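The values are calculated or read from the model by the stated rules, or taken from the named source; none is laboratory data. Source: prediction; values computed, not measured. Reconstructed Cβ throughout: ideal geometry from the backbone, glycine too, with neighbour counts over all protein chains shown. To get the accessible areas, we keep the full protein, side chains included, count just its heavy atoms, and leave off ligands, DNA and RNA. Shrake-Rupley method; radii C 1.70, N 1.55, O 1.52, S 1.80 Å.
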Amino acid sequence: MTKYLIGIDAGNTSSKAVIFDDTGKVVAAAATKSSERMHLAPRGRGFEEFDVDELWHIVSQCIKQAIEDAGIAPEDIAGIGVTSFGNGVVFLDEKGWSIAPGCFSQDYRANDILALYQKDGTYDKINRIVHGTLFAGEPGPILRWYKEHERAVYDRIGSVLMFKDYLMYRLSGVFATDLNIIGGSFLIDMDTMEYSRELLDLYGIPEMFDKLPALHTSPEQIVGTVTAEAARQTGLKEGTPIAAGMMDILASLVGAGATGDGVITSIAGSWCINETHSTRVIPNASSNMPYIHKNEYLNCSYTGASATNYEWFNHVLGDKARLAAVYEQRGYYDVLNEWIRAAEPNMDTPYFQPFIASPSIHVNARAGFTNINTHTSYGDLCYAVVEGIAFIHKFHIDFLIRAGLPATLIRLTGGMAKSPVWTQIFADTMQLPVEIVASDETGAHGVAIVAGIGAGVYESYEDAFARSVKLKAPVLPNPEKAAFYRDRYAQWQRLNEHLLRYWDGAGDG
C-alpha cells in the first residue's frame with residue numbers, strides 16, 4: 001500500500017501543504033498567499049509583523065484542502081514535516097496563547113539594539129558563540145527590544161518559538177524545535193550545540209532561557225503526534241507522527257538532494273540564500289548552522305531579498321506587461337520573459353541594486369536603478385532587475401568560494417528557477433553549470449523526506465534522494481559571455497561601493 005508524506009512550507013509570502021508519494025511525486029498541494037491574510041500594517045519603522053492565530057488558520061485549511069484534493073485516506077499519511085524561514089520570533093504565554101503579533105525575519109525594529117551591542121562590545125562576543133553575523137531580525141535582538149520597549153508583553157512570555165515551531169505546537173501540543181533552525185536563528189552555542197545561558201545574558205534576556213522549546217538534534221526525529229483537536233481542524237488522523245524538521249534553507253537543500261561535495265544551493269525566493277556544507281566554520285559568513293550530519297556545518301551567505309525584488313517590480317511597474325499579456329492573450333510572465341530575452345544588454349544598460357528588503361549589505365541599503373537614459377526601454381528595466389538578482393547571488397557565492405569552499409555546480413531553487421531565461425542569465429553570470437530540480441516544491445519535499453526517514457518510509461537520506469529527487473537537464477554557461485558579465489558585475493560592485501558611503505550617512509537625518 002502506498003504511503004504518503006506531507007510537507008508544510010510556511011513563509012512570509014505564502015504557506016502551503018504538499019502531499020508526496022514515496023517517489024517524490026506531488027499528489028496534491030494547497031497554498032494560500034500569507035501576505036493577503038496575515039500580514040499586519042506596520043506599527044512603526046522596521047516593523048514586519050503577522051497575526052499568529054491567522055497563520056495557524058491558513059495552514060490548517062491548506063492541510064485539509066490538500067488531503068481532500070488528494071483523495072486519500074488520512075491514515076495513509078505516514079508522517080508530517082514542517083519548515084519555515086528562520087529568525088523572527090513567535091511568543092506565547094504560559095498557557096500557549098498568542099500575546100503579541102509574530103515578527104518576520106525582515107523585521108528590523110531592533111536596529112537600535114544591534115547598535116547597542118556593537119557599542120558595548122557584545123556584538124562580537126555573540127557572533128563568536130553563534131558562528132555567524134547577527135542582524136536585527138534575529139529573535140535575540142527582537143526579544144531585547146520587547147524588554148526595553150514593551151515590557152508588559154515581555155513579562156508575559158511563556159514560550160519562545162520559531163515560525164515552524166508554532167505550527168508544530170498547534171499540530172502536536174508540544175513545544176519543540178530542531179537544532180538547525182534554532183542554531184540558524186542564533187539561540188545556541190555552536191561549539192556545544194546546546195542552549196547557552198551566557199548567550200542569553202549577552203543578548204540581555206536571561207529570563208528567556210527557561211522559555212526556550214525542547215531541542216531535537218536531528219531533523220528526522222519525531223517530536224510528537226497529531227492531537228485530536230488538530231485532527232479535527234486539519235482532517236489529519238490523530239496520532240500521525242510529526243518530524244522535527246528544519247529551516248527552509250536546509251529543507252530546500254535536502255529537497256533538491258544537493259548534499260554532494262562542490263554543490264552550491266542557491267534559493268532565489270523571498271531571500272537570497274546561497275549555501276553549501278563543510279566541516280569548517282567560515283569566518284564572517286551569514287551563518288554556519290547545524291547540518292543534517294553531525295560535525296558538519298551548513299555554510300551560508302545571504303541577504304533578505306532575491307525574487308522579492310521582481311515581485312516588487314511587477315506589483316509597482318508591471319502594468320505595461322499586464323496590458324500586453326491581455327492584448328496578446330498570453331501569460332504575463334511569458335511576456336516578461338520574451339522582453340528580457342529580447343534585451344540586448346551592453347555597458348549602457350541600466351543597473352539594479354536589489355536591496356528591496358533587509359537584512360542587506362548595509363543597514364540603510366535600499367533598492368534602485370542607475371544608468372537610465374532616454375533610450376532605456378521597459379524591457380531594459382526588466383532585464384536589469386533579473387541581472388541585479390543574479391549579481392547579488394554571485395556576491396554571496398563568490399564569498400563562499402573565496403573562503404575555500406569548492407563550487408563545481410549550482411543547484412538552483414525558488415522562483416528564479418522556473419524561468420529558462422532567468423536560469424540562463426544566472427548560469428552566464430556565475431560561469432558554472434546550473435541544475436534545476438524537477439519539483440517546484442523543494443522546501444516542502446525536504447521536510448517530507450525527513451518525515452519519511454523518521455516514519456520509516458526511507459532508510460536514509462541517500463535512499464530518499466535516490467527514490468524521490470529528479471533533476472532536469474543542466475543549464476550550461478555561455479563562455480562567450482564571461483567577459484561581458486565580469487565587466488558588468490565589476491561596475492555593479494563599484495556602484496555598491498559608492499552607495500555604501502551614502503548609506504553610512506543615511507541614518508543621520
Exercise. Is it fair to say THR408 is outside the structural domain of TYR333 (by the TED database), open to solvent by less than 30 Å² (accessible area, probe 1.4 Å) and either over 19 Å from PHE355 (Cα atoms) or out of contact with any Asp or Glu (no Cβ under 8 Å at 6 or more places or on another chain) (or both)?
Worked result: no
Exercise. Quick one: in region 169-212, which of the residues that are assigned to a helix (DSSP H, G or I) and among the aromatic types (Phe, Trp, Tyr) is surrounded by the fewest Cβ atoms within 10 Å (Cβ to Cβ)?
Worked result: PHE209
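Among the listed residues ILE63, ILE80, ILE58, ILE126, identify the single one that is more than 26 Å from SER218 (Cβ to Cβ) and either assigned to a loop (DSSP other than H, G, I, E, B) or not assigned by the TED database to the domain that holds VAL281 (or both).
Answer to the selection: ILE58.
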For this session: Tell me, yes or no, whether region 186-195 has at least one residue that is without any contact (Cβ under 8 Å) to a residue 24 or more places away in the chain and more than 16 Å from ALA244 (Cβ to Cβ).
Result: yes
For this session: Could you tell me which residue of region 289-307 is surrounded by the most Cβ atoms within 10 Å (Cβ to Cβ), considering only residues that are among the polar types (S, T, N, Q) and in contact (Cβ under 8 Å) with a residue 60 or more places away in the chain?
Result: SER306
For this session: Scan region 402-423 residue by residue and report those that are within 22 Å of GLN493 (Cβ to Cβ) and part of a helix (DSSP H, G or I).
Result: ARG402, MET416, TRP422
Problem set entry | Test for ILE157: is it touching a Phe, Trp or Tyr at 6+ places or on another chain (Cβ under 7 Å) and either part of a loop (DSSP other than H, G, I, E, B) or open to solvent by 40 Å² or more (accessible area, probe 1.4 Å) (or both) | yes
Problem set entry | Members of region 91-112 that are hydrophobic (A, V, I, L, M, F, W, C), crowded, with 24+ Cβ neighbours inside 10 Å and not in a loop (DSSP other than H, G, I, E, B) | PHE91, CYS103
Seminar exercise, completed: Those residues of region 445-479 that are within 30 Å of TYR383 (Cα to Cα) and touching a strand residue (DSSP E or B) at 6+ places or on another chain (Cβ under 9 Å) come to a total of 8
For this session: Among the residues of region 465-479, count how many are surrounded by fewer than 17 Cβ atoms within 10 Å (Cβ to Cβ) and part of a loop (DSSP other than H, G, I, E, B).
Result: 6
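Hey, among PHE369, PHE352, which residue is open to solvent by 50 Å² or more (accessible area, probe 1.4 Å) and not in a loop (DSSP other than H, G, I, E, B)?
Numbers: PHE352 fails: open to solvent by 50 Å² or more (accessible area, probe 1.4 Å).
Checking each option against the conditions leaves just PHE369.
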For this session: Report yes if some residue within region 48-57 is free of Cβ contacts under 8 Å to residues at least 40 places away in the same chain and open to solvent by 10 Å² or more (accessible area, probe 1.4 Å); otherwise report no.
Result: yes
Seminar exercise, completed: When region 227-284 is checked residue by residue, the ones that are open to solvent by less than 30 Å² (accessible area, probe 1.4 Å), out of contact with any helix residue (DSSP H, G or I) (no Cβ under 9 Å at 6 or more places or on another chain) and not in a loop (DSSP other than H, G, I, E, B) are SER278
Exercise. Does at least one position in region 448-464 carry a residue that is touching a residue at least 40 places away in the same chain (Cβ under 8 Å), under 24 Å from THR276 (Cα atoms) and open to solvent by 60 Å² or more (accessible area, probe 1.4 Å)?
Worked result: no
For this session: Report whether or not ILE449 is part of a helix (DSSP H, G or I) and among the β-branched types (Val, Ile, Thr).
Result: yes
Exercise. Out of curiosity, is TYR166 open to solvent by less than 30 Å² (accessible area, probe 1.4 Å), of a type in the set (Ser, Thr, Tyr) and not in a loop (DSSP other than H, G, I, E, B)?
Worked result: yes
For this session: Please enumerate the residues belonging to region 129-143 that are assigned to a helix (DSSP H, G or I) and surrounded by fewer than 22 Cβ atoms within 10 Å (Cβ to Cβ).
Result: ILE129
Problem set entry | Among (1) open to solvent by less than 20 Å² (accessible area, probe 1.4 Å); (2) in the same structural domain as ASN373 (by the TED database), the one test that ARG341 misses | (1)
